[in-house]
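Okay, structure first, notes after.
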Amino acid sequence: MQKTENFLLRVQELKKYFPVKRGFFKKPLYIKAVDGVSFNVSKGETLGIVGESGSGKTTLGLMILKLIKPTAGKIFFKNIDITDMSERKFRKLRRHMGVVFQDPSASLNPRMTVKEALKRPLIIHGIKEEKEINRRIIDILKKVGLGEEHLDRYPHEFSGGQQQRIAIARAIILNPELIVLDEPTSSLDVSVQAQILNLLLKLQRELNLTYLFISHDLTVVRHMSDRIAVMYLGKIVEIADTDELFGNAMHPYTAALLSAAPLPTPGARKIKRLMVTGEPPSPINLPEGCRFHPRCMYSTEKCKLQEPPLLEVKRSHFVACHRAEEIDVSNYVRELWTTITEEASYLRK
């Protein structure tokens, strides 16, 4: 077991409940967006976070950045408890974190030139010498594949891929250690996605960055991540090394999620998939026991009554399922992803 000082980020039983407005005399209700999530991230690692829409992925990332206040739980960054730290004290640590959002056209200020957008975080964090500011801006633009000729242009003058390069430059200009990547390529064309993903991998190697990579695209997550955490209705149901998860998924939801991936060549092969029925329950009115049991073909009475804890069933492979060691769901995943690996070449270097 790794010592806590070896982890750049530690999250313990993190929760975020959003209140739902009701009548004055009615009992308050809450949307349990994140409900008791725990994990660790080592320096230089990429942890992928996957799950259906509404599983709590983005809310988790925003809490780690302290852009949303947690309802409960603890966040340790560089072994320092930042959960309830004041903004004044946290400012010294904030420069060690960065974020790249899904839509660069929305995250970049349309009234700021590239130079102004990159200059702002430097000034906020005390770098005011014009010569040093210019040096840093030009250096970071070169790192992301842009040049001095782009300095005085506005975001609307760039393509989507170029805009995302500017957003990445802004995220890394203060030499952070942790970057939260919230669906950074989902709004881009496939050919541009590969360029941005390979740029992120290059920057990670050069700058020793640590990534929290949030995405719904399983091919992209597999390409980028060292480990993957699977979220369902605010909880992590499985977390393992990438190769282990894709080769030996143990939670029925993970298997269903992975086996739902489309083939690069539709209809080329008949592949058995694990299908789930129904819609996810409302996060306001969650079922008793395992949250996945209403949709799970393997559920038993115990699943309906008792919530399964996240336990290590193999070395570094954690699963929240009462029947994880009884059932074999990995066969629904292996053949499909072997085929996808053979046929999908656009992410290969």
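Every number in this text was worked out from the coordinates using simple rules, so none of it is lab data. Note that the structure is a prediction, hence the values are computed from the model and not measured. No Cβ is skipped: glycine too gets one built from the backbone with ideal geometry, and neighbour counts run over all protein chains shown.
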If neighbour count is taken as other Cβ atoms inside 10 Å, put 216, 251, 317 in order from fewest to most. 216, 317, 251
Which helices, taking whole DSSP H runs in the chain, have alpha carbons extending 30 angstrom or more along the helix axis plus mean Kyte-Doolittle at least 1.6? none
Cross-link candidates for residue 21: which lysines have Cα within less than 20 Å, leaving aside residues fewer than 8 places away along the same chain? 32, 69
Just list whichever of 66/314; 43/119; 92/128; 270/304; 235/314 have alpha carbons separated by over 23 Å in the model shown. 66/314; 43/119; 270/304
Within the set of other residues whose C-beta is less than 12 Å from the C-beta of residue 68, count the net charge using Lys and Arg as +1 and Asp and Glu as -1. +4
Using Cα pairs under 8 angstrom and six or more residues apart, how large is the relative contact order of the chain, in percent? 19 percent
[x] 87, 53, 38; [y] 67, 57, 35; [z] 68, 57, 45, with the label sought being that of the calculated Cα extents along the principal axes in Å: [z]
Listed with the fewest Cβ neighbours within 10 Å leading, 215, 191, 282, 107 appear as 191, 282, 107, 215
Dipole magnitude of the chain, debye to nearest 20 (Cβ charges: Lys/Arg +1, Asp/Glu -1, about Cα centre): 1080 debye
Using a Cα-Cα cut-off of under 12 Å, which aspartates and glutamates could be cross-linked to residue 143, ignoring same-chain neighbours fewer than 8 residues away? 206
Just to compare against my own numbers: the Cα pair-distance distribution for the stretch 109-173, 10 Å bins, whole % per bin, please. 23, 60, 16, 0
